[in-house]
Each structure stands twice: as structure tokens, then as C-alpha cells.
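I have placed the structure first, in the form of C-alpha cells, so that the comments after it can refer back to it.
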């Protein structure tokens, strides 16, 4: 038998063994066995009534990249997506429906799912265990919904997720360590939301593989570099169109973001930018910085641009269409910003018709000078960050002491060394009246040594 004919015989055998074999890691269909095909169901009813297999070896196989729309489907339960061989579907698109809620464990029947598209629905929240069972998922699209918050338990056990799109929602709050389980995440899209604060430095904790972070078109007024200090693989950071007035280059030792090659700070309210700080944090020689449409003072704009260029920072081309108030085609402010300036985000809030402002925003957008308020907030952020860090260190030290004590007590007890008893100034004393040398106290009877 020739080598070619041997391989032709071996490949189908390997595919069958991967599908029917006992190994759970190989039970899902992959492209190395057979190429996948798309399969469209006109409605959810046709999907549920499906009698054909999603199994490539089956003669009735038509495809395992599945999509359907059903405008009467307002809720997804654990049984909604169960159908013939649904465990072999590798991609599911149910975007553009009227889904308003998803129950816990709703996708457990789709154990081989690789891609899930839930965009353009009416989802406002997720249950803690909504995505339980989707351990193989690599792409999740929940954009263009009505989400108002995401919290710690929304993305548990999704270690293989690589792309998460939560853009174009109404998210105001991102919980601490919301993304901490997403250790393989490469792209996180949070643009076009209503995020106002990223105070805690653990918001993006454990995202060591993240390369692209998009926070464009939110309501962030102040951002500090320490918020991104754990993103060691980050290459693109987009903070455009946020109304930023401060970018604070402070944190734990000013950790570098050495892989960032694209930093977008355009369409904000920045009035100053220190080239040394930028270079210290974003040290990559291929960095491209976009600072278009900010509020830099015109007489100092040229100096800012020159300082940035002198440190090897490439600037995105100016895009100003104005005939005046620009330097090198970059928009600038004809008058220097003062502490009595009005914060322009008030107008943006009016345009977006956002009426449910919390007490912090009421205080922030009050009669107090905006720049003074920002300057007062910066030490608070850094103090909170430092305090949290110190608390963590103390807790770790205490845990180590307790662990070591437990080990010592256990060893001393098991080996009957009696070291701890003697270390506590305790000893066994004779209990007989004549203190005879051979008469020792019963086991367990302890008397403290006399100091006399």
C-alpha cells in the first residue's frame, strides 16, 4: 500500500475517532476533519422542528453554523435551544430578534459552541450563570442591546473567550474583576456606552492577553494610566470622544505599556499633555498618538507637538477643517483655559437626554470649578489605589503566618516533639507526694513551672 493511500484511509478514521472516541476534549467538530457550512432557519420554530443532524458524518448534515430569527422569541430558557444534535452546533446567530431576557444555563445544550451572536436585541442584564457551559466559546457579541451594567459573575468559566463585543449599550458601571476569568481575551469593545468611572485598578485584572481595548464614546472625565497597568499585551487603546480633561500618568511605579502602538485621545477636553509622561508609560518606538480635537491653547500647541515628536512619538495627522484656531492643522483653543471654565460635558449630557444623574455627578457638575474638582479627585483615586494595595499585602502576610503556624502545630502534634508546649513555658511535673523520679504526671496533665 502506498503512503498516499494509507493517509487517505487514516484521515477518515481519525475524524471518526475524534467524534465517537471517549476523549471529551476531541468530541467537538473541528475544521481539521471537515469544513463547516452555514445553515439558515427562517424562524425559531423551524429550528426546533429540525430533524436533520448537525453532525458532518451524517448524510442529512447541511451545516453547523446556524442562524435564525424569530420576532416572538422574547426569552431564552434552558430548553429553548435544545434540538436534534444541538451539541454539535459551533456557531449560532440569533441577532436582530426581540430577546429581552436569558435564563441561567440557557446555552448548556450547545457544548461545542465557538461563536455566539446576541446583538441587536433588547437585553438589559444577564443572570450570573447565563453563559455557564460555554467553555469553548471564543467570540461573544452582545452589542446593540440595552445593557446597563455588567458584574463579576457574568462571564465565569469562559477561559477561551478571545473577542467580547459589548459596544453600543447603556452601560454605566463595570464591576471590579468583571473580566478576571477571561485570561485569553484579545479584543474588548466597550465603546458607545455611558461609562463614567473606572476607579478601581482591578477593572481589567487578569487580561494578560488583551491586545485591543476600545472605550471610545463614553462619559469618562478622568483616566489614569494605572487602570491599564496589568494589560501587558495591550497594543491599541482608544479613549476618543469621552470629554477627558485629565490623563493621569501615575500608578504603581508607573508601569510601562510597552506594546501599545496606537493611542487615541482625540475629541476630548485635554488642555495639557506632558511628552515625558507619555513616553515613560507608552514607550514603544512605533507609537502613533492621536490628539486631534482637544482644547490645547493655541500659543503652546506647537510646543506640545514638537516635544512629542522630539521623543520619537508619531502623531496622527491633523484633521481640522477650520480656517482659524488651528496649529499644523490641529484644532486648538484661542484662549487659555481657566478654572472658571464650564465643563462642556454638561452639553453632551443634555444632547444625550441623560436625566438620571447620581449624587456624584450632581456634585461634579455643580458650581465648583471643574478643573479644581478634577485636581481634587486625582489624589483620592491614588490614595484608594494605594490603600487597596496595602490591604492586600497585609492579608497575604497574615495568610502566610497562619499557614506556617498550622504546619508547625500539625508537625509537632504528629511527631510528638512537644516543642510548642515547652516554647510556651509549660512542662510536665510529678504529681506524687514524694516527687519520686519514676513517678511522672499522667498524659495530658500539665502544670506551669513555678518561678520560685
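The values are calculated or read from the model by the stated rules, or taken from the named source; none is laboratory data. On a predicted model such as this, the values are computed, not experimentally measured, just so you know. Using ideal geometry, Cβ is built from the backbone for each residue, glycine included, and neighbour counts are taken over all protein chains shown.
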Practice task
State yes or no: is residue 127 at pLDDT below 90 and at negative phi?
Solution key: yes
Problem - Residue that is at pLDDT 65 or above and not in a loop (DSSP other than H, G, I, E, B), where the choices are 47, 70 - result: 47
Practice task
List the strands (runs of 3 or more DSSP E) that sit entirely inside segment 197-242 and contain at least 1 residues that are in contact with a strand residue (DSSP E or B) (Cβ under 9 Å, 6 or more places away or on another chain) and modelled with pLDDT of 90 or more.
Solution key: 212-214, 236-238
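Regarding residue 157, is this residue at pLDDT below 90, surrounded by 20 or more Cβ atoms within 10 Å (Cβ to Cβ) and in the same structural domain as residue 90 (by TED's automatic domain parsing)?
No, not satisfied.
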Practice task
For residue 267, work out the one condition from (1) outside any loop (DSSP other than H, G, I, E, B); (2) more than 12 Å from the chain's Cα centre (by Cα) it doesn't fulfil.
Solution key: (1)
Handout entry: Filter result (touching a helix residue (DSSP H, G or I) at 6+ places or on another chain (Cβ under 7 Å) and in a loop (DSSP other than H, G, I, E, B)) within segment 273-311
Key = 273, 296, 311
Exercise for the section: Give the residue, chosen from 99, 89, that is without any contact (Cβ under 8 Å) to a residue 60 or more places away in the chain, in contact with a strand residue (DSSP E or B) (Cβ under 9 Å, 6 or more places away or on another chain) and surrounded by fewer than 22 Cβ atoms within 10 Å (Cβ to Cβ). Expected result: 99
Handout entry: Residues located in segment 73-105, provided they are outside any loop (DSSP other than H, G, I, E, B), at pLDDT below 85 and either closer than 20 Å to residue 147 by Cβ or under 26 Å from the mean Cα position of the chain (by Cα) (or both)
Key = none
